[in-house]
Amino acid sequence: MTMTSHNSLAYERVRDGILQLIVDQSLGEGDRLPSQRELSSRFGVSQRTVMRGIDELSDRGLLERRIGSGVYVNNLDTSRIGRAAHHLLARPQRRAVQQITVGVLTDAQADLHRQEMLRQLQQVAATSHLDLLIRTVDVNCDPQQLFGQVLDISQQNCDAILIHGLFETLHDSQSLWEQYFDRSSIPLVFTHHIPRTDPIHYWGTEFGKLIDKPTFSRRICEMVVQYIMAMGCERVGFWGLRDMPDHAFNAMVRFVQICAQHNLACQVGLIGSRVETADEIVRQWLPFEKHTVIYCYDDQAAQRLMTSLHKHGVRIPEQVGVIGHNDTEISQYTDPPLTSVKFPFDFVARAILHYISTWVRNGHPSHLPEIAIPRLTVRQSCGGQLILGSRLEQTINQINRDNRGNFHIRLQESES
């Protein structure tokens, strides 16, 4: 007989299945349950989900964990087991969709990229029967403090926990997460990989299937270079940060390589945190005798470049075109409005929350049955309208047709 509806959370199905097992096999006090591995195979869920089902029954006093030995029916009147099973059998069926609460820990001083990502997570959650319990954490806190925050939020009736960003704090902290995995069966998901932790806790392990890494990064570079070539530019630059993460550094190398394949000379400028470093590089690049297009690490870096160019009397886009990356809200308010590669924030938010919700509901995570494609939003900063004029839209459409869905360039409607 079935003890729970199909729409129950995975750990509840495990919990109820264990009770059913006890009743069907007439297990009495002191009898040992099958191993977690066997129960995982029986119920088709992860061992952590099995742990959570056992935890709930242990909290009710129906089971007893014995370290190094296993899990046993507790030393109680075993009729309580039967009454518990009867209660669960008789309870009303669940609603068709189960509301899930996800605890989110994020950086209190988040940059524009992480702020936009958090906003998209909230939007997706609002339409997906998910509640987000968001807490901000000081980026300078040590790993032990973050670990304490995780343990605390795990006690707030959360079904899963997402650690969004906080890369610096998480560095070399894997031993703490091993402690968490030993203590709790609540799914914990990071937005980047922590060395020597189970890949299941890094949603990007699945995301790699969605964006076909490193092909996604290469397609972005190809898209930007083809658009630059369509404008007839002969001089190209890459504007980045000295302390860029590895994936951004690798993307810079790909961009330079693809430029070389198309016989485009590419200068690289890497700036530090001080304003003066941007000015120093711009002075080194002066004068801009030929029209130059500079592709930037992100929109904030592009804004710093544009500020420095203005300061040195360089006209944008007449002398220098600028292309950003991420297409955050700031792109629409720079002077002139910034052409930018659109980071798929909405897609990533759906992918993360789908990964988490399927883990909670089914006992194992799964990824979306679709992939992301690179996109470029063309505004005034790149010089496309200035150089191509009325041919700009036609040129963009031709590039899109030639690349058959590998990427998509669009002209912002307000400027067409």
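The values are calculated or read from the model by the stated rules, or taken from the named source; none is laboratory data. Owing to the predicted nature of the structure, the values given are computational and were not obtained by experimental measurement. Glycine also receives a Cβ, built like all others from the backbone with ideal geometry; neighbour counts cover every protein chain displayed.
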Scope segment 397-411; condition assigned to a helix (DSSP H, G or I), surrounded by 15 or more Cβ atoms within 10 Å (Cβ to Cβ) and not hydrophobic (A, V, I, L, M, F, W, C); matching residues
400
Given (1) touching a Lys or Arg at 6+ places or on another chain (Cβ under 7 Å); (2) outside any strand (DSSP E or B), residue 377 misses just (2)
Some residue of segment 107-115 being in a strand (DSSP E or B) and closer than 30 Å to residue 304 by Cα:
yes
Scan (1) closer than 30 Å to residue 184 by Cα; (2) touching a Phe, Trp or Tyr at 6+ places or on another chain (Cβ under 6 Å); (3) surrounded by fewer than 21 Cβ atoms within 10 Å (Cβ to Cβ) for the single condition residue 372 breaks and write down its number.
(1)
Segment 243-291, residues that are β-branched (Val, Ile, Thr) and under 20 Å from residue 220 (Cβ atoms):
253, 256, 258, 268
Is there any pair with a first residue in segment 376-393 that is charged (D, E, K, R) and a second that is buried (at least 23 other Cβ atoms within 10 Å of the Cβ) and part of a helix (DSSP H, G or I) whose Cβ atoms are under 9 Å apart and which are 6 or more apart or on different chains, and what are they?
379/331
Condition broken by residue 318, with the remaining ones in (1) surrounded by fewer than 18 Cβ atoms within 10 Å (Cβ to Cβ); (2) within 33 Å of the chain's Cα centre (by Cα) satisfied:
(2)
Residues (farther than 21 Å from residue 11 by Cβ, modelled with pLDDT of 70 or more, assigned to a helix (DSSP H, G or I) and among the small types (Gly, Ala, Ser)) located in segment 154-208:
175
Given the criterion of a type in the set (Gly, Ala, Ser), in contact (Cβ under 8 Å) with a residue 40 or more places away in the chain and surrounded by fewer than 18 Cβ atoms within 10 Å (Cβ to Cβ), identify the matching residue among 230, 265, 248, 302.
248
Pairs, please: C-beta under 9 Å, at least 6 apart or cross-chain, first residue assigned by TED's automatic domain parsing to the domain that holds residue 162 and of a type in the set (A, V, I, L, M, F, W, C) and in segment 129-141, second surrounded by 15 or more Cβ atoms within 10 Å (Cβ to Cβ) and part of a loop (DSSP other than H, G, I, E, B)?
133/158; 137/166; 139/110; 139/165; 139/166; 141/166
If I ask for residues that are in a loop (DSSP other than H, G, I, E, B) and modelled with pLDDT of 90 or more, which ones from segment 331-363 would you list?
333, 334, 335, 336, 337, 338
Taking the criterion of being at pLDDT below 80 and either buried (at least 18 other Cβ atoms within 10 Å of the Cβ) or among the charged types (D, E, K, R) (or both), would at least one residue in segment 110-119 satisfy it?
yes
Examine segment 338-346 for a residue that is out of contact with any strand residue (DSSP E or B) (no Cβ under 9 Å at 6 or more places or on another chain) and surrounded by fewer than 18 Cβ atoms within 10 Å (Cβ to Cβ), and state whether such a residue exists.
yes
Could you say which residue among 255, 288 is closer than 22 Å to residue 234 by Cβ, touching a Phe, Trp or Tyr at 6+ places or on another chain (Cβ under 6 Å) and touching a residue at least 12 places away in the same chain (Cβ under 8 Å)?
255
Number of the exception - residue 88 against (1) out of contact with any Asp or Glu (no Cβ under 6 Å at 6 or more places or on another chain); (2) surrounded by 14 or more Cβ atoms within 10 Å (Cβ to Cβ); (3) modelled with pLDDT under 55
(1)
Scan segment 322-329 and tell me whether some residue there is in contact with a helix residue (DSSP H, G or I) (Cβ under 6 Å, 6 or more places away or on another chain), assigned to a loop (DSSP other than H, G, I, E, B) and either in the same structural domain as residue 224 (by TED's automatic domain parsing) or of a type in the set (Ser, Thr, Tyr) (or both).
yes
